[in-house]
1. Within the range 148-193, how many residues are over 14 Å from the mean Cα position of the chain (by Cα), crowded, with 16+ Cβ neighbours inside 10 Å and more than 22 Å from residue 112 (Cα to Cα)?
2. State all residues of the range 142-170 that are closer than 19 Å to residue 80 by Cα and touching a residue at least 60 places away in the same chain (Cβ under 8 Å); if no residue qualifies, say none.
3. State whether one or more residues within the range 102-113 are at pLDDT 95 or above and assigned to a loop (DSSP other than H, G, I, E, B).
4. When the residues of the range 1-23 are narrowed to those that are modelled with pLDDT under 75 and either touching a strand residue (DSSP E or B) at 6+ places or on another chain (Cβ under 7 Å) or within 20 Å of residue 180 (Cβ to Cβ) (or both), which ends up surrounded by the most Cβ atoms within 10 Å (Cβ to Cβ)?
5. May I ask you to say which residue of 120, 80 is over 14 Å from residue 14 (Cβ atoms) and either touching a helix residue (DSSP H, G or I) at 6+ places or on another chain (Cβ under 9 Å) or at pLDDT below 85 (or both)?
6. Here is a check on your reading of the model: is residue 105 surrounded by fewer than 23 Cβ atoms within 10 Å (Cβ to Cβ), more than 25 Å from residue 14 (Cα to Cα) and without any contact (Cβ under 8 Å) to a residue 12 or more places away in the chain?
7. What number of residues within the range 199-258 are touching a helix residue (DSSP H, G or I) at 6+ places or on another chain (Cβ under 7 Å), under 27 Å from residue 87 (Cβ atoms) and modelled with pLDDT of 50 or more?
8. Please go through the range 8-32 and give me each residue that is closer than 21 Å to residue 227 by Cβ and not in a helix (DSSP H, G or I), ordered by number.
C-alpha cells in the first residue's frame, strides 16, 4: 500500500499598509519619534511629504532615491533601545484607530480554518513585528537594517519590497511546509504583484485602476475594506522586549512608501 502524504499547511499572507491598516505604518510613528528626540520638526515635515507622495502615488524614481539617501543618513546612529521603546509604548495610540475591521475579521477566519497568518511589509521590523503580534499573526516578513554596538548603521540587510517579498514568502514556505498553491495573499499595491502571484488564491484590497485591471486578467478576487475602527483591548498587548530591532521605518519604509506610485488615491 502507498501511504497518503500528509496535507501541507496553508498560510495567508497580508500586506500591512492600506491593506490591514488604513494608512502608512511608517508615518504613523513620526510624532512619537519627534517627542522622543529622534526627529526634528523639519524631519517630520519631510516625512509628511513622503507620506503625501505615498498616498497620491506621485513620487518618481529620482525623488524616491533622494529621500531614501536622506533618511538612511538621518537614522544612522540612532539607539536601537530607544526606537524599540518608543514603538512599544505608542503602538496602540497610533495603530488601534486605523485597523480595518474587515481585515481583522479575515485574519480570524483564516485562523479558524487552521491557516497561519503572515504579515508582509516593506516597513521595518521594529514597526511590523509588534503590529503583527498585536493582530495575532504567526509570522512577519519585513525590512531589516544593520545594527552595530546597539546603534543603527543605515545599511539595508533585507529590503522587503517587490520581488523580494515573493522570495521571502517562498523561503518561509519551505521552512514551514506551506503549500503555496493552496495559500492566500492580500494587498492593495501593484508593487505586490509578485507576492500575489506567488500563491494560488490572491485578492486585491481597495485596488486602484491598474491593480484592478491586473486582478481581472489574473482572476484574482477584489475586496473593499472601508471600516477602520479602534480595537482597543481587542489587540493583544505587546511587551517592549518583543520588538525586533531595525530602523527601516524611517530610513527605508518611508522611502518605500513614496515609491508606491500606483497607490489608490480615492480612499
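The values are calculated or read from the model by the stated rules, or taken from the named source; none is laboratory data. Keep in mind it's a predicted model, so treat the numbers as computed, not measured. For neighbour counting, all protein chains shown are included, and Cβ atoms are generated from backbone atoms with ideal geometry for every residue, glycine included.
1. Going through the range 148-193, the residues over 14 Å from the mean Cα position of the chain (by Cα) turn out to be 148-157, 163, 167, 170-184, 190, 193.
Filter once more, so that each one left must be crowded, with 16+ Cβ neighbours inside 10 Å: 151-154, 156, 167, 172-173, 178, 180, 183-184, 190, 193.
Keeping just the survivors that are more than 22 Å from residue 112 (Cα to Cα) gives 151-154, 156, 167, 190, 193.
Number of matching residues: 8.
2. Across the range 142-170, the qualifying residues are 142, 143, 144, 145, 147, 150, 151, 152, 153, 154, 156, 159.
3. Yes; the residues of the range 102-113 include at least one that is at pLDDT 95 or above and assigned to a loop (DSSP other than H, G, I, E, B).
4. Filtering the range 1-23 for residues modelled with pLDDT under 75 gives 1-7.
When the remaining residues are screened for being either touching a strand residue (DSSP E or B) at 6+ places or on another chain (Cβ under 7 Å) or within 20 Å of residue 180 (Cβ to Cβ) (or both), the result is 5-7.
On the way: 5: 6, 6: 7, 7: 10.
Taking the candidates together, the pick is 7.
5. So the residue among 120, 80 that is over 14 Å from residue 14 (Cβ atoms) and either touching a helix residue (DSSP H, G or I) at 6+ places or on another chain (Cβ under 9 Å) or at pLDDT below 85 (or both) is 80.
6. No, not satisfied.
7. Summing the residues that are touching a helix residue (DSSP H, G or I) at 6+ places or on another chain (Cβ under 7 Å), under 27 Å from residue 87 (Cβ atoms) and modelled with pLDDT of 50 or more in the range 199-258 gives 7.
8. Within the range 8-32, 12, 14, 15, 16, 17, 18, 19, 20, 21, 22, 23, 24 qualify.
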